[in-house]
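Everything on this sheet refers to the single structure shown next.
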Amino acid sequence: MTVRAYALGLLTLLVAAVGMAMPGFAHTRSETHSAWQVSGPIVHLQFTVPDLEARRLTPDGAMPSVQDLGAYIARHVGASSGGTDCARIDGPRPVTALAGYRRYEFAFTCPDASRIRVADSAWFELVASHTNFAEVQDDQGHFAEQLVTKDHQVIDVADASGAGPLQNAGFLDFLRMGILHIFTGIDHMSFILGFIILARKLRDLLFVVTGFTIGHSLTLALAVTGIVRPHAEYIDALIGLTIALVGAENIAVQSQRPAIVGLSIIALLGLMALGNVLGFGGLPSLLLLGAAIFTSNYLMVSGHLRDAARIRLVVTMMFGLIHGFGFAANLLDERLPKGRLAELILGFNTGVEIGQMCVVFAVLGLVFLLSRIKLTLPRPLVIDVVSSGLVGFGLFLFVSRGYATL
């Protein structure tokens, strides 16, 4: 297997991954929330949509109008009684929501109050791993939370009222979610490919990739058990910075000028911190300064090491820590069943590990195939191009998500 074929394989896979994963642009799990309240034959619904999910509905990623977003939701939600559809008598009616969200209210009237079922199919045609956290309350005051997925879009109100929080989600459900979390996340895919570029031994590569799961498992467990409370509004921005850091390390090692590369990123972080002090910016100044200190030290150390594999493990685990918070932030308000936390955490993280290994072995298989047909490309050129792309993409995520917290 030639080095040039290895490089060509990485470049080809990166381009393919970007193309396939654009619909799942954000690494944080695609999600919406719904609250269903049944009062006799009347069903009331509040449907909450993050701005990030709303933008998926437009080709250019622009925010759809209030009317267009409401009309889309109306086409995908509903209720039925005894197999007969319930008539919509109100909505979509926009109501006040927190910054960064849109909320709509609906009302349905059913033929009778027995055997009522509610349904939601929104966003599943856009993101296969999309999840809706549904709260269901019947007219007896029974309250339950259900996980609506592509394969579980209908909730029987009578069954839900007797179920515990997220009762329908088991080990295999979270295993599948963990796998899809990798395949639909262009940011995490980019992070893995960034480390593959510099890996020279399969053992080192697998060790580093597994380090991500260690960090992911740790923070997910700490967060969902309530030991640590992450600030969800900062997590996605930090994920973008980590991607940029991986690309910057590749450039620093290749050019043997870690100081110049490090100072460039530090200057950006310093400007953002200054902007925050002046009242412009969504990320705290201390967070930005801490990131600048870590970036400078990491790039200076890794840039002067002949073999930085062990140092990269530290960054991989750090990314895992942040990424674990990104997933856990979506669950903190869902009152998970305490007796099943271990099952859910194990299932999701096992799925993440399976997804990562699939990516790694897909890359190695492609590289081997290209080496057999003798397609070559200079490795230094590929490192420069791909790493520059990672820096640009990561900084775009970091800046855009950082200022989106305003």
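Computed from the coordinates by the stated procedures, all read-outs in this text should not be read as laboratory data. Just so it is clear, the model here is predicted, and its values are computed rather than measured. Note: ideal-geometry Cβ built from the backbone for every residue, glycine included; neighbour counts use all protein chains shown.
Some points to look at:
- Descending by average beta-carbon neighbour count within 10 Å, the peptides 241-248, 47-54, 256-263 line up as 241-248, 47-54, 256-263, the highest first.
- R0 of 56 Å, Cβ-Cβ distance VAL95-LYS374: FRET efficiency to nearest 0.05: 0.35
- MET357, MET189 arranged by Cβ crowding within 10 Å, fewest neighbours leading: MET357, MET189
- Annotation: the residues ARG93, ARG203, ARG117, sorted from fewest to most other C-beta atoms within 10 Å of their own C-beta, follow the order ARG203, ARG93, ARG117.
- Rounded Å value of the spacing that divides the Cα centres of segment 90-152 and segment 32-63: 7 Å
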